[in-house]
Amino acid sequence: MSNATLDGKSISSEDAYEQAAKILQEASFPLVAGLGADVAGAQAAILLAERLRGAFDHLASRDSLTDLEVLRSAGVFVTTPNEARVRADLVLLVGPGLQSYWPGIFDRLALDKETIHGGTSKRRVLWIGPKRNEAKLDGVEIETIAATEQDLAGVLGALRARVGGRPAALAPAALKKIDAAAEALRAARFGVAVWAAAGLDPLIVEMLQGMIADLNVTTRFTGVPIGGRSGATGVLQASAWMTGFPPRTGFGRGYPEHDTWRFEASRLVDSGEADAALWISAYDGEAPPWESDDIPLITLGPPGSAPKRGLFIAVGKPGENYDAVEFAQETSSLVLRRAGAPAELPTVAEAIAAISAKFSEDLPC
Amino acid sequence: MLTRLHGGHVVDPVNGVDEIADLYFEDGRIVAPEGRAADVEHDVSGHVVMAGAIDIHSHIAGGGVNTARLLLPEAHRAHRPRPADTPLSTAGWSTFETGRLYAQMGYTTVIEPAISPHHALHAHLELADIPIIDKGFLTVLGNEDFLLAAFRDRASQESIVDYIGATLEATRAIGVKCVNAGGVDAFKQNIRHFSLDDEVPEYGLSSRQIFQKLQQAVNATKIRHPLHLHMNNLGLPGNVETALATIDASQGLPLHLAHVQFYAYGTEGKNGFSSAAAKFAEKINANKNVTVDVGQVMFSDIVTISSDVMKQFNSLPGGRPKKGVIFDGDSNGLGVVPYSYRVSDFFNAVQWAAGLELFLLCDDPMQVFFTTDHPNGAPFTTYPEVFALLMSADRRAQYCSRLPAEVLELTNLPALKREYTLYEIATMTRAAPRRLYGFEDRGQLGEGAVADIAIYKLQADRAAMFRNAAYVFKDGEFVVREGKVSHYTRGRTLRVRPEYDRQIDSRLDKYYEGLYGLPRALFEVQDAALPASARFSEVPCRH
């Protein structure tokens with residue numbers, strides 16, 4: 001199978017790069033989206049968007065922005081999974097499906113082991129709104145507070161109210177359970193809440209962080225966010241240092257502007273504002289979210305992920321087919337992932353460089 | 001290609017030069033012409049010629065700075081149209097702008113002072129993205145279990161020296177900073193105030209003991225930069241006593257005290273807050289083993305970025321605007337809280353005055369360093385205005401006329417008529433940083449030095465003069481003309497590599513496996529993680 005296709009038919013890489021450059025250069029407002037890439041790939045993609053005076057967005061921006069909106073409107077308390085591992089005497093799990101967003105969560109948080117720093121003790125584990133049968137872990141007694149996804153905000157609101165000694169309109173049995181949980185949170189030495197923005201409404205994260213702030217009046221409490229898929233947090237970091245802003249940023253006016261509505265990829269495509277798109281999903285070949293199927297499209301993805309339509313160029317999987325820097329959930333930091341299965345495929349950054357090399361001279365820088 | 005700068009007033013304190021003189025450079029280095037004719041000539045008459053300036057403490061990269069960017073989207077809207085041929089030159093507060101704006105002021109080396117060891121790679125990726133200037137960072141130690149446990153268990157100084165060496169190697173740092181020694185760990189154990197003789201629970205060590213042992217060990221590594229200390233009680237009324245006690249505890253060994261303006265406070269007056277700069281400066285003048293940087297406050301919107309997470313937590317209620325990020329990191333901490341210094345605010349005005357008093361009352365410009373603790377006291381873009389204030393008593397008087405009257409009763413500033421000379425400015429921003437970091441190749445214009453040269457058009461308005469360097473050469477390349485970057489280059493990242501016994505590495509590997517169940521290598525900065533633009537240069541240790 002060729003590493004490049006056009007409308008499903010194999011073409012040479014050279015032709016693919018040539019055509020990709022032509023599509024992007026002829027567009028008046030091209031979109032660089034998906035951005036499922038390592039840090040170097042994201043940097044190349046953002047520079048490309050700037051050079052073309054286009055816009056860029058990440059496929060999991062919705063999740064990054066859920067946490068970010070709370071951060072930039074109210075502020076947050078956060079820690080690393082490793083600090084939670086060694087110190088958290090109480091862990092508050094919030095929302096369903098945490099293990100699906102972070103498969104290594106329980107191994108990393110070592111909930112079955114005693115704390116090491118700040119005194120050794122068994123941990124207390126609470127889970128608000130787990131899925132059915134989800135709150136089970138060998139050697140750990142998990143206290144659950146049932147809540148459907150629709151109930152979660154209300155239950156968390158009641159818990160925050162009771163932490164602060166304010167009334168909550170609940171049936172006596174439910175109130176008793178919430179009060180016991182509130183008391184546990186207040187009694188924690190170093191409590192840590194864990195949530196995944198992907199499953200939550202921003203108001204829930206804001207409620208949770210508000211409660212954490214309240215708890216810090218008398219004790220220590222903080223949080224571990226589970227970041228978005230396809231390298232979202234690493235891309236967010238690179239975007240911030242390069243432009244000052246997270247993804248959903250455009251360069252149309254000749255300087256970066258950030259607007260979570262204007263520069264949302266699907267809206268740009270479906271409204272017709274963007275007239276060409278480079279879609280990058282190097283980790284798993286996730287398909288674009290927009291409905292329109294007539295925008296000139298270039299896709300960078302792993303082999304085998306070619307869409308039926310448009311131009312496709314295969315790239316390696318970051319950290320698997322090539323050494324790559326990405327944000328590691330287990331350390332809350334940027335780390336180098338060594339390639340376990342090196343492959344003769346371009347990196348995202350290399351593919352973008354090869355496209356850029358085909359631009360005609362009259363494009364600035 | 002031999003280049004000659006002629007007719008300029010060369011101010012080069014390291015070589016005792018303060019006169020009209022020619023300067024030659026070739027292949028990126030200052031040279032003696034040895035009778036050869038220059039290939040390129042620049043007439044710089046009417047200009048002052050200095051070595052490129054060195055900023056010893058400015059938060060320009062890493063997780064804290066990046067968090068501040070994300071926290072404050074309103075703070076960095078970009079307004080300028082895009083100049084041609086300059087990628088990302090219009091992003092408001094980006095890595096790119098950091099290099100551009102520093103270069104335009106004639107700065108060619110900048111040190112980021114606070115990177116947590118586990119976030120070193122992130123910092124290096126940002127540094128590699130900053131154009132033109134050379135840079136480096138201090139790695140933060142003094143609150144981590146490995147070190148505190150070693151102190152508690154009376155480990156040998158040799159093993160501490162090895163540990164520091166291994167950490168500097170893994171993080172590729174240029175020196176060691178300690179922030180509120182022990183206080184960051186104590187905050188995780190719900191302690192809200194932590195002073196010099198308070199003990200960290202579980203370790204039974206006072207802040208004094210931690211910083212002293214770390215200071216001794218850093219000295220023993222033979223790296224040139226002494227321990228860079230962020231003391232306890234930052235920002236609190238009466239904290240000058242902590243600062244004086246810290247100097248008394250400095251053991252006669254080299255010690256750098258960071259942003260000391262934030263420790264120059266007494267408790268006089270009806271607000272219980274006053275400038276104690278005079279008392280502090282007297283102590284600094286009498287203790288030559290100690291160096292300080294000022295951390296001058298200017299009246300502007302800023303954001304505070306600090307590893308002193310206890311202090312940052314306590315600052316949250318006073319945030320302007322009221323929001324912030326409190327991060328309990330691995331054996332470390334970080335707080336990011338926005339703030340706005342206002343000329344009409346009594347406390348802010350006292351802070352502004354106290355900083356200038358320190359500048360003016362510390363006798364030796366080799367001992368006191370020019371910083372605003374960017375962005376904590378003021379953005380680095382205010383430096384030209386601060387230079388102008390130091391050089392003109394009249395300009396200070398103009399500012400003082402705008403301050404609340406009660407402030408003037410609680411500072412000595414109006415009585416201080418000292419005006420810094422260009423020679424003293426060059427000492428403070430070139431010669432002194434050179435010595436503080438042990439740079440052998442910069443901070444001076446003698447033969448063999450790198451051709452990092454800042455040339456300013458002599459003007460009565462010193463702020464205008466320093467705001468836009470007329471010409472800047474970086475490694476001999478012409479990078480700034482008339483205050484605008486004319487050519488982008490890639491600088492280097494400066495690091496130290498002291499000798500240490502590599503047996504510590506296996507001990508640390510075991511420690512990481514035991515504590516985190518992760519390989520220590522995951523936290524190391526490796527070549528494969530860095531872009532081609534990341535070029536390193538080694539700063540030598542003491543022989």
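Would you kindly work out the equivalent ellipsoid of the range A:105-192 from its C-alpha gyration tensor and give its semi-axes, the square roots of five times the eigenvalues, largest first in whole Å?
After scaling each eigenvalue by five and taking roots: 24, 17, 10 Å.
In the range B:453-528, which trypsin sites (Lys or Arg not before Pro) are in a loop and have at most 16 other Cβ atoms within 10 Å, using DSSP for the loop call?
Counting only loop positions with at most 16 other Cβ atoms within 10 Å, the trypsin sites (Lys or Arg not before Pro) in the range B:453-528 are B:R502.
Using 10 Å bins from zero, what percent of all Cα-Cα pairs in the range B:115-154 falls into each bin?
Cα pair-distance distribution for the range B:115-154, in percent: 26, 37, 22, 12, 3.
Summarise the long-distance tail of P(r) for the range A:65-226 by giving the % of C-alpha pairs beyond 26 Å.
Counting every Cα pair in the range A:65-226, those more than 26 Å apart make up 19 percent.
Quick one: dipole size for the range A:217-365, taken about the Cα centre, charges +1 on Lys/Arg Cβ and -1 on Asp/Glu Cβ, in debye to the nearest 20.
It comes to approximately 460 debye.
Which value, in debye to the nearest 20, describes the size of the charge dipole of the protein assembly as shown about its Cα centre when Lys and Arg Cβ atoms bear +1, Asp and Glu Cβ atoms bear -1, and nothing else is charged?
Roughly 1780 debye for the protein assembly as shown.
So how much accessible surface do A and B hide from each other in total, probe 1.4 Å, in square angstrom to the nearest 100?
So the total buried area for this chain pair works out to about 4900 Å².
Could you work out, residue by residue across A:79-85, how many beta carbons of other chains sit within 10 Å of that residue's beta carbon, and then give the average as an integer?
6
What is the magnitude of the charge dipole of chain B about its Cα centre, with +1 placed on the Cβ of each Lys and Arg, -1 on the Cβ of each Asp and Glu, and no other charges, expressed in debye to the nearest 20?
About 900 debye.
Do any residues of the range B:512-532 lose at least 20 Å² of accessible area when the full set of protein chains is present rather than just their chain alone, and if so which, with a 1.4 Å probe?
By number: B:L515, B:Y516, B:L518, B:L522, B:F523, B:Q526, B:A528, B:A529.
Which FRET efficiency, nearest 0.05, do B:E447 and A:R267 yield, Cβ-Cβ r, R0 41 Å?
0.10
Leaving ligands, DNA and RNA out of it, report the carbon-plus-sulfur percent of the accessible area of the protein assembly as shown at a 1.4 Å probe.
C and S fraction of accessible area: 50 percent.
I'm checking a number: the convex hull volume of the Cα atoms of the range B:402-543, normalised per residue, in Å³. What is it?
Per residue, the Cα convex hull of the range B:402-543 comes to 256 Å³.
Mind checking B:56-67 for the average number of partner chain beta-carbons within 10 Å of each residue's beta-carbon?
The shielding value for this peptide is 2.
Mind pulling the angle between the C-alpha long axis of helix A:13-26 and the longest principal axis of chain A? Nearest 10 degrees, somewhere in 0 to 90.
The angle comes out at about 80 degrees.
So for the range A:1-104, considering every pair of alpha-carbon atoms, how many percent are separated by more than 24 Å?
50
From the residues B:V290, B:G443, B:A349, which one has its Cα farthest along the dipole of chain B in the positive direction, the dipole being from +1 and -1 charges on Cβ of Lys/Arg and Asp/Glu about the Cα centre?
B:A349
If you look at just the Cα atoms of the range B:1-72, how large are its Rg and its Dmax in Å?
18.3, 58
Given the options B:L168, B:G333, B:T109, identify the residue whose Cα lies farthest towards the positive end of the charge dipole of chain B (+1 on Cβ of Lys, Arg; -1 on Cβ of Asp, Glu).
Checked the options; the winner is B:G333.
Across the range A:278-365, what fraction of all alpha-carbon pairs, as a whole percent, falls in each successive 5 Å bin from zero upward?
Result, from short to long distances: 3, 13, 20, 19, 18, 14, 10, 4, 0, 0 percent.
Please report how far the C-alpha centroid of the range B:176-221 lies from that of the range B:233-263, rounded to the nearest whole angstrom.
So the two Cα centres are separated by 14 Å.
From the residues A:G104, A:L92, A:P130, which one has its Cα farthest along the dipole of the range A:9-160 in the positive direction, the dipole being from +1 and -1 charges on Cβ of Lys/Arg and Asp/Glu about the Cα centre?
The residue sitting farthest along the positive end of the dipole is A:L92.
Across every pair of different alpha-carbon atoms, what Kirkwood hydrodynamic radius in Å does chain B reach?
23.6
Over all distinct alpha-carbon pairs, what is the Kirkwood Rh of the range A:120-169 in angstrom?
Its Kirkwood hydrodynamic radius stands at 12.3 Å.
Over the Cα atoms of chain A, what radius of gyration and what Dmax do you get, in Å?
Cα only, chain A: 22.9, 74 Å (Rg, Dmax).
Where Lys and Arg each count +1 and Asp and Glu each count -1, what net charge lies around B:K417 among other residues with Cβ under 11 Å from its Cβ?
0
Please pull out the direction-averaged projected area of the range B:211-307, using the convex hull of its alpha-carbon atoms, in nm² to one decimal place.
7.0
Expressed as an acute angle from 0 to 90° and rounded to the nearest 10, what is the orientation of the C-alpha long axis of helix A:39-51 relative to the principal long axis of chain A?
50
Cβ under 10 Å from B:T291's Cβ, B:T291 left aside: what net charge do those residues give with Lys, Arg +1 and Asp, Glu -1?
Residues close to B:T291 contribute a combined charge of 0.
List the lysines whose Cα sits under 19 Å from the Cα of B:K311, skipping any in the same chain fewer than 8 residues away.
Cross-link targets: B:K177, B:K188, B:K322, B:K323.
I want the local charge near A:Y322. Using Cβ-Cβ distances under 14 Å, sum +1 for each Lys or Arg and -1 for each Asp or Glu among the other residues.
Overall, the nearby charge balance is -3.
In terms of the ratio Rg/(2.2 N^0.38 Å) built on C-alpha atoms, what value belongs to the range B:494-543?
So the Cα radius of gyration is 1.45 times the expected 2.2 N^0.38 Å.
Less than 25 Å apart at the alpha-carbon level, and either on another chain or at least 8 residues along: which lysines does that give for A:K308?
List returned: A:K9, A:K22, A:K317, A:K358.
Given all pairs of different Cα atoms, what value in angstroms does the Kirkwood hydrodynamic radius of the protein assembly as shown take?
After inverting the pairwise mean of 1/r, the radius is 28.7 Å.
Setting aside same-chain residues fewer than 8 positions from A:K177, which lysines have a Cα under 25 Å from its Cα?
Within reach: A:K122, A:K131, A:K136.
Considering every residue in B:117-123, what mean count of other chain Cβ atoms within 10 Å of its Cβ is obtained?
4
In nanometres, what is the gap between the two model label sites at B:R481 and A:A171, each 7 Å from Cα along Cα-to-Cβ?
8.0
Could you do me a favour and compute the accessible area per residue for chain B, 1.4 Å probe, result in Å²?
32
The values are calculated or read from the model by the stated rules, or taken from the named source; none is laboratory data. Just so it is clear, the structure is predicted and the values come from calculations on it, not from any experiment. All Cβ positions, even for glycine, are placed from backbone atoms using ideal geometry, and neighbour counts span all protein chains on display. In case anyone asks, the SASA skips ligands and DNA or RNA and just uses the protein heavy atoms, side chains included. Shrake-Rupley method; radii C 1.70, N 1.55, O 1.52, S 1.80 Å.
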